[in-house]
Amino acid sequence: MSVKVRFAPSPTGLLHVGNIRAALINWLFARKQGGEFLLRLDDTDPERSRPEFAGAIQEDLSWLGLNWDDLARQSDRLERYDAAAERLKADGRLYACYETAEELELKRKIQLARKLPPVYDREGLKLSEEKRALYEKESRRPHWRFKLETPARIEWQDGIRGPVGIDLVSLSDPVLVREDGSYLYTLPSVVDDVDFAISHVIRGEDHVTNSAVQVQIFEALGAQAPNFAHFALLTGAEGGGLSKRDGALSIRDLREKEGIEAMAILSLLARLGTSLPVEPFSALAPLINSFDLSAFTRASAKFDPAELRSLNAKILHGLDFADVKERLGIDDMDEGLWNAIRPNLERLQDAKAWHDVVKGPIDPVIEDRTFINEANGLFPNNKVTDETWSVWTKTVKEETGRKGRELFLPLRLALTGLDHGPEMKALLPLIGAERAKARLRGERA
Ligand code: GLU
């Protein structure tokens with residue numbers, strides 16, 4: 001069987017960590033199996049779908065390196081859904097219902113008050129011709145429900161959850177078509193999965209019931225349901241669904257505002273909720289090789305923005321100058337400077353600030369003038385090298401009796417204007433003798 005999966009976001013907003021995890025799991029599965037990955041834009045809701053979000057989705061996936069083999073837009077395929085709907089109507093599986101939202105709500109309340117499950121009573125199926133004609137005369141427009149075959153137990157071997165069985169008794173017949181003729185997600189998704197020969201539907205466990213319903217729709221359309229796998233969803237720090245408060249920002253914000261590397265997001269999301277360890281990866285290939293659907297656990301996993309930031313830092317610390325040169329866009333940045341500041345970066349954009357500390361001008365911070373004057377007097381005259389810092393501070397220590405923080409911190413403050421930063425041993429040769437001495441004199445340099 002040839003493997004083909006799809007990632008099917010609705011272009012009603014920006015992609016966030018949760019969506020991207022679905023994209024990534026599908027993508028890794030496809031790449032590992034030598035299969036295909038389809039990007040499908042579920043844009044049948046004309047009110048909420050926006051072309052700019054469709055564009056942003058493609059931009060984010062491209063930035064992450066999750067390339068797609070094929071792209072489909074549901075809005076281009078309405079004729080296919082119409083044909084499927086007609087077939088279901090002809091077979092008595094799709095029926096018109098005229099209740100308004102208020103009427104449905106009232107029915108629900110009555111059922112609940114009688115301690116009955118709030119399941120749709122199929123009044124649409126029992127409607128007399130007169131009543132139907134009356135509604136049509138009132139210009140009521142019907143919505144359309146799929147008639148579930150009940151009772152039924154839908155079973156499948158889930159790629160993550162193992163054997164799954166869902167009873168279709170307490171479910172209402174799902175609405176497939178709205179009053180305005182637009183389609184909800186349920187039918188178009190099945191039609192597309194058939195037309196694009198999707199072999200595996202891999203999505204969140206919030207879709208398990210949908211899958212059971214859709215199995216009947218696949219069958220009603222004379223098709224076979226694909227393989228299913230449902231992964232547990234990520235939670236926020238409090239254990240609930242992911243929200244902005246948990247730092248589950250859009251991918252765009254993670255990239256543009258937070259300075260998170262694509263590989264940090266991918267490294268975390270590929271392993272979160274699996275039995276494999278979360279590790280910093282700088283390329284997708286090892287993630288593809290180690291991908292295993294059965295490593296996903298049934299328990300939900302916590303998304304922790306601090307873990308993402310820490311992976312980001314680890315990945316940055318391993319990047320070579322050649323990997324970042326273009327993106328840095330700092331003309332006089334070179335390999336030596338990059339190597340010196342790299343271990344201190346949490347975000348790539350912080351490189352500019354460290355570059356400026358080295359190249360100046362900065363305002364030295366000098367609290368003890370006498371001590372700094374003395375240290376300046378002891379500054380070696382020969383060329384500044386990797387050895388200079390230890391040679392110089394050793395002499396200053398011997399001459400002044402200072403040691404530890406007392407010795408090092410005032411020198412760092414004078415030379416960089418800051419109380420923290422990359423190793424002085426590596427910074428000093430980059431700052432250079434002339435600038436270092438000027439700073440020790442208290443000059444802005
Ligand atoms: N558009 C649906 C969603 O975002 C797709 C679900 C699916 O993968 O079938 O929830």
**Request:** Towards the positive end of the charge dipole of the chain, with charges on Cβ (+1 Lys, Arg; -1 Asp, Glu), say which of F196, L24, S390 has the farthest Cα.
**Result:** S390
**Item:** At most 13 other Cβ within 10 Å, DSSP loop - GluC sites (Glu not before Pro), region 1-76
**Value:** E47
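Go ahead and estimate [θ] at 222 nm for the chain from helices alone: -39,500 (n - 2.57) per DSSP H run with n ≥ 4, summed, over the residue count, rounded to 500.
Values: 20 runs with 202 residues, N = 445.
Taken over the chain, the calculation gives -13500 deg cm²/dmol.
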**Request:** Pick out, in residue order, every one of the trypsin sites (Lys or Arg not before Pro) in region 64-134 that is DSSP loop and has at most 11 other C-beta atoms within 10 Å; say none if there are none.
**Result:** R114, K115
**Message:** Among F379, A283, A225, which residue has its Cα furthest toward the positive end of the charge dipole of the chain, with +1 on Lys/Arg Cβ and -1 on Asp/Glu Cβ?
**Reply:** F379
**Request:** May I ask you to derive the FRET efficiency for R405 and N227 from their Cβ-Cβ distance with R0 = 60 Å, giving the value to the nearest 0.05?
**Result:** 0.45
**Message:** Under the 0.36 nm per residue contour assumption, what length would be gained going from the current alpha-carbon distance of D320 and D167 to full extension?
**Reply:** 49.5 nm
**Message:** Sorting check: for 147-156, 348-357, which peptide has the highest mean count of neighbouring beta carbons within 10 Å, and how do the rest follow?
**Reply:** 348-357, 147-156
**Message:** Whole-Hz ³J(HN,Hα) for each residue in region 357-362, computed from phi via Karplus 6.51 cos²θ - 1.76 cosθ + 1.60 with θ = phi - 60°, x for glycine and proline: what do you get?
**Reply:** 4, 6, 7, x, x, 10
**Prompt:** Given the alpha-carbon gyration tensor of the chain, what are the semi-axes of its equivalent ellipsoid in whole angstrom, ordered largest first, with each equal to the square root of 5 times an eigenvalue?
**Reply:** 63, 21, 19
**Request:** Pop the C-beta distance of K425 and K383 into the FRET formula with R0 = 25 Å and round what comes out to the nearest 0.05.
**Result:** 0.95
**Fill in**
Counting only protein heavy atoms and rolling a 1.4 Å probe, one gets per residue an accessible area for the chain in Å² of 49 Å²
**Request:** With a/c under 1.5 counting as rounded, go ahead and sort region 227-291 into rounded, prolate or oblate using the C-alpha gyration tensor (a ≥ b ≥ c being the square roots of the eigenvalues; past the cut-off, prolate if a/b is larger than b/c, else oblate).
**Result:** oblate
**Request:** Kindly state, to the nearest 0.05, the FRET efficiency for A113 paired with A299, given R0 = 45 Å and r defined as their beta-carbon distance.
**Result:** 0.75
**Prompt:** Taking the Cα centre of the chain as the origin, how large is its charge dipole in debye, to the nearest 20, when only Lys and Arg (+1) and Asp and Glu (-1) carry charge on their Cβ atoms?
**Reply:** 780 debye
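With all protein chains present, how much of the accessible area of region 210-292 (probe radius 1.4 Å) comes from carbon and sulfur, to the nearest whole percent? Before the final figure, lay out the partial values.
Details: 1560 of 3280 Å².
For region 210-292, the apolar C and S fraction of the accessible surface comes to 48 percent.
The values are calculated or read from the model by the stated rules, or taken from the named source; none is laboratory data. Computed from a predicted model, the values in this text were never measured in an experiment. Note that we place each Cβ from the backbone using ideal geometry, even for glycine, and neighbour counts take in every protein chain shown. Areas reflect the complete protein model, heavy atoms only, side chains present, ligands, DNA and RNA absent. Shrake-Rupley method; radii C 1.70, N 1.55, O 1.52, S 1.80 Å.
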